[in-house]
Amino acid sequence: MSAVIEVAIPTVVDIATEADLLRVRTALRQHAVAAGFGIVDQTKLVTAGSELARNVLRYANRAAANLRVEAVQSAGRTGLRAVFTDQGPGIADLDAALGDGFSTGGTLGLGLPGARRLVDEFDINSAPGAGTRVAITKWKR
């Protein structure tokens, strides 16, 4: 596996209010357009990011949280990585949370598994009391 190389100055967006959801979507769309992504891949990235940012607002209990989006290259490919980090309570049962239909907040339970299906790479780290970090990567086709 080739190393991933960051190729541009990243954008960081704090996530604290509903208004920040628009800033998250805008940052992701701008990076996707600048990287030359087609409209379908732009939409997939923005949709996945929007779901993850909404989860931050819903479950991180107003803890410090942000999105870091950066251009990356690996094995001759160009892509975008978006990393969502929060200092919230963490996810008690990560395996269950990644399954369709699981929710602790009365939702449909499609956020995490749906986001995972929309991107090329999905990595999540979380533990009770330790916050959550989700990194998604979409590669240019």
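The values are calculated or read from the model by the stated rules, or taken from the named source; none is laboratory data. Keep in mind that this is a model prediction, so the values were computed, not measured. With ideal geometry, Cβ positions are generated from the backbone for all residues, glycine too; neighbour counts draw on all protein chains shown.
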Report summary line: If we ask which residues in segment 61-78 are closer than 19 Å to Arg133 by Cα and either of a type in the set (Val, Ile, Thr) or in a strand (DSSP E or B) (or both), their number turns out to be 8
Query raised in the report: From Ser74, Ser103, which residue is at pLDDT below 90 and among the hydroxyl-bearing types (Ser, Thr, Tyr)?
Result: Ser103
Report task. Kindly provide the set of residues from segment 79-97 that are in a helix (DSSP H, G or I) and charged (D, E, K, R), ordered by number. Result -> Asp95
Query raised in the report: Hey, among Ala35, Ala48, Ala65, Ala16, which residue is in contact with a strand residue (DSSP E or B) (Cβ under 8 Å, 6 or more places away or on another chain) and surrounded by fewer than 18 Cβ atoms within 10 Å (Cβ to Cβ)?
Result: Ala16
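Condition check ((1) over 17 Å from Asp14 (Cα atoms); (2) in contact with a Lys or Arg (Cβ under 7 Å, 6 or more places away or on another chain); (3) among the hydrophobic types (A, V, I, L, M, F, W, C)) across all residues:
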{"residue": "Asp41", "(1), (2), (3)": "yes, yes, no"}
{"residue": "Thr85", "(1), (2), (3)": "no, yes, no"}
{"residue": "Gly99", "(1), (2), (3)": "yes, no, no"}
{"residue": "Lys138", "(1), (2), (3)": "yes, yes, no"}
